[in-house]
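First the structure, in the form of structure tokens, and then the observations on it.
Bear in mind these aren't lab numbers, they're just calculated from the coordinates by the rules spelled out. If you're wondering where the values come from, they're calculated on a predicted model, not measured in any experiment. Cβ placement follows ideal geometry from the backbone for every residue including glycine, while neighbour counts extend to all protein chains displayed.
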Amino acid sequence: MVVTDADALYKRAKSAGAEILIDIKTEDYGGRGFTCRDLEGHIWNFGTYDPWTTA
């Protein structure tokens, strides 16, 4: 899921009890994101990189 503020969402997910599977990081291509598992067991990927946005 593309988000505007991955750091704020990371803090919110962590404080809500989500299991962080891949810690937040900045990728080589400039996006910043993380992967977590919610309390129902669903895995989510959140990041700021939007491949559909034109430069």
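When TYR29, TYR49 are sorted by how many other C-beta atoms sit within 10 angstrom of their C-beta, beginning with the fewest, the order is TYR29, TYR49.
How would TRP44, TRP52 line up from fewest to most surrounding beta-carbon atoms within 10 angstrom? Let's see the in-between values first.
Values: TRP44 14, TRP52 5.
Lowest count first: TRP52, TRP44.
log10 I(q)/I(0), Debye, Cα-only the chain, no solvent, q = 0.17, 0.25 Å⁻¹? Taken in order of the listed q values, log10 I(q)/I(0) reads -0.50, -0.95.
Where in the chain are there GluC sites (Glu not before Pro) that are in a DSSP coil and have at most 13 other Cβ atoms within 10 angstrom of their Cβ?
On the way: sites: GLU19, GLU27, GLU40; in loops: GLU27, GLU40.
Answer in residue order: GLU27, GLU40.
Within the chain, antiparallel bridges make up roughly 90 percent of the DSSP beta bridges whose residues both belong there.
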